[in-house]
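Down below is the structure, laid out as structure tokens.
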Amino acid sequence: MFEQKVSAFIQEKRLFGKSDKVLVALSGGADSVALLRVLLRLGYHCEAAHCNFHLRGEESVRDEKFVVSLAEDLGVKLHRTDFDTAGYASDKGISVEMAARDLRYAWFARVSEAVDAKVVAVAHHRNDSVETFLMNLVRGTGIDGLLGIRAVNGKVVRPLLCVDREDILDYLKYLGQDYVTDSTNLQSEFTRNKLRLEVIPLLESVNPSVVESISRTASRLEEVAEVYHRAVAEAAERVLAGENMLDGAVLLREPAPRSVLHEVLYPLGVNASQLDDIFCCLRLGESGRMFETSGYVLVTDHGNLRWRVRQGDERMFVLRHEIILTEAPFDVPKDRAVAYLDADKAGDELLLRKWRSGDKFVPFGMKGFKSVRNYLRDCKKSLFDKERQMVVCAGKDIVWLVGERADNRFRVTPETRRILKMWVELG
């Protein structure tokens, strides 16, 4: 019965075919041993891959010896590797569990490529999927978090999601097959193990078939998720008003605006708290609120939302200039990217910098001073534009609001004979 279930699941989900080579992740535990045994008995061509993470002392050595012996007995080619998992976790600033996951999946990908394996088969089963469902539910999640573990994720496949832990143990007992036990799986110190050892048994006291019930619910939600994602993706296209801008008014007309906003902003790394604040700002039409993620800066702008990639300090701008000599009145070209000033009035000490609060200049064509802040506001510059705005100074005086206007006091006149030409480049 166990083998028929697994075989039917592989075919239903189209995980791989009889002619495909399968690389089996083999830890030596009950799940991975059962996975290798059932695939071999079903006639699939398998090779195995074992990682020694050196996290459990003698247990890690024991596991590797067991795997080597099992592979020899079954006539399966075995690939092995060692990792300094704790060192990698420390270097990357991540948990040991995350480090082990990153290391093993990256290595599995390399080995599968080298041996021309169609897929990498890992031994997650129905209980693992239910634990993931509950863990996401407890932490808070969207619809995707309620799907449990997926049968296919790129090249990684999970043929045992159709069976639970008890089915696996019964199958190994039927085969008379030994396996090793990870002592950490018997401890209740991690979130997943708390669910496994405490929460799920409590739920089973209410409904003995709770694992199967949750698994069926997650499966039904897969179809719901497909419909949801298609509808939200179409709505996301409607609310985008050009590159890196979301139209708040259009968003608020959608039947599920918060979900659409999540769809648009999730790839930018926006967290749940930021999402709530952004949605509130858009609903109230607030401007000038800035939000930062690891890779983006977002700002609300008159009921809309704009964003850009964060720019590191390596993006240094430099001021270029040259002197043009003329005997006749100079006809100043109309080009905002280049400034032409009277060189004798501006002098030689030029400085390029970001504008500051309190900066003032006399815009070309005007007589009185105007603050840079008010000038940018009157031009309806976005917060991003204001943030990027630079000025060129001669001593204490601003001579050019870069890309906008020169200062009228330093303008070129019919009497000017030495022209200062200036422009800014990315260094």
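Structural remarks
- Residue match in segment 272-293 (condition: in contact with a Ser or Thr (Cβ under 9 Å, 6 or more places away or on another chain), closer than 30 Å to residue 163 by Cα and not aromatic (Phe, Trp, Tyr)): no
- Residue list for segment 145-176, filter: touching a Leu at 6+ places or on another chain (Cβ under 9 Å) and under 17 Å from residue 225 (Cα atoms): 145, 146, 147, 148, 149, 150, 151, 152
- Count - residues of segment 38-57 that are within 20 Å of residue 174 (Cβ to Cβ), open to solvent by 40 Å² or more (accessible area, probe 1.4 Å) and either assigned to a loop (DSSP other than H, G, I, E, B) or touching a residue at least 60 places away in the same chain (Cβ under 8 Å) (or both): 1
- From the options 243, 234, residue that is within 30 Å of residue 376 (Cα to Cα), out of contact with any Lys or Arg (no Cβ under 7 Å at 6 or more places or on another chain) and modelled with pLDDT under 95: 243
- Count - residues of segment 387-400 that are closer than 17 Å to residue 342 by Cβ and at pLDDT 90 or above: 7
- Residue match in segment 167-182 (condition: hydrophobic (A, V, I, L, M, F, W, C), modelled with pLDDT under 85 and either in a helix (DSSP H, G or I) or open to solvent by less than 30 Å² (accessible area, probe 1.4 Å) (or both)): no
- The set of residues from segment 119-144 being buried (at least 22 other Cβ atoms within 10 Å of the Cβ), under 22 Å from residue 227 (Cα atoms) and not hydrophobic (A, V, I, L, M, F, W, C) comprises just one member, 129.
- The number of residues in segment 73-98 being closer than 13 Å to residue 36 by Cα and loosely packed, with under 11 Cβ neighbours inside 10 Å comes to 2.
- Residue 102 being open to solvent by 20 Å² or more (accessible area, probe 1.4 Å) and more than 22 Å from residue 214 (Cβ to Cβ): yes
- Scanning segment 16-37 for residues that are within 18 Å of residue 4 (Cα to Cα) and open to solvent by 10 Å² or more (accessible area, probe 1.4 Å) turns up 16, 17, 18, 31, 37.
The values are calculated or read from the model by the stated rules, or taken from the named source; none is laboratory data. Remember, it's a predicted structure, so these values are computed and weren't measured experimentally. Positions of Cβ are generated from backbone atoms using ideal geometry, with glycine treated the same way; all protein chains shown enter the neighbour counts. Side chains are part of the model used for accessible areas, which takes the heavy atoms of the whole protein and leaves out ligands, DNA and RNA. Shrake-Rupley method; radii C 1.70, N 1.55, O 1.52, S 1.80 Å.
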